[in-house]
Amino acid sequence: GNPPDPRPPPPTGAAPGEAGVGIGLERNGETNVIKVVKVPPGGACGLAGWVSVGDILIGVDDKDIRGMACRDIAPLLIGKAGTRVQMKLERNNSPFTVSIVRAAALDGDVLTKALSYRKSLSSSSASAPAPA
């Protein structure tokens, strides 16, 4: 077999080949509610466009995470890049589930291209006709 990798894992908590969903969470000390406080545009959630700042995270895959510490939730969201994770969220008291593919965050030129690609996708769809 291969010798173990002597390098320390990157500071993000994701090991090589692993990725998260690209959100920042914060726990409210009084209500214990886990709220989305950051959705960087280049992260998986930012690119998907389904998760917004202010959404409340209530579950990851089959696990109810309400009341858990953010540091215990982070490992649930991190996994092998390209794998899916289901996130149960709540917005305006309406629960919804998104299935996000874990991906390394994009930045710089790649991000610019990805965002313009997404823009061209949404502008050509029937639900959002481009102004004539």
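Entry remark, the range 53-63: residues being in contact with a strand residue (DSSP E or B) (Cβ under 7 Å, 6 or more places away or on another chain) and open to solvent by 50 Å² or more (accessible area, probe 1.4 Å) number 2 in total. In the range 70-89, the qualifying residues are those that are farther than 18 Å from residue 51 by Cα and of a type in the set (Gly, Ala, Ser), and the one that is least open to solvent (accessible area, probe 1.4 Å) is 79.
Within the range 18-35, residues that are in contact (Cβ under 8 Å) with a residue 60 or more places away in the chain sit with their Cβ atoms under 7 Å from residues that are open to solvent by 70 Å² or more (accessible area, probe 1.4 Å) and not aliphatic (A, V, I, L, M), at 6+ positions apart or across chains, in these pairs: 18/80.
Inside the range 31-52, can you point out the residues that are farther than 28 Å from residue 108 by Cα, open to solvent by 10 Å² or more (accessible area, probe 1.4 Å) and among the hydrophobic types (A, V, I, L, M, F, W, C)? Hit for the range 31-52 is 33, nothing else.
Per the conditions (1) buried (at least 18 other Cβ atoms within 10 Å of the Cβ); (2) at pLDDT 95 or above, the sole criterion not satisfied by residue 14 is (2).
The values are calculated or read from the model by the stated rules, or taken from the named source; none is laboratory data. Just so it is clear, the model here is predicted, and its values are computed rather than measured. Neighbour counts are summed over all protein chains in view; Cβ atoms, including those assigned to glycine, are modelled from backbone coordinates with ideal geometry. When the accessible area is computed, the model is the full protein with side chains, heavy atoms only, and any ligands, DNA or RNA have been set aside. Shrake-Rupley method; radii C 1.70, N 1.55, O 1.52, S 1.80 Å.
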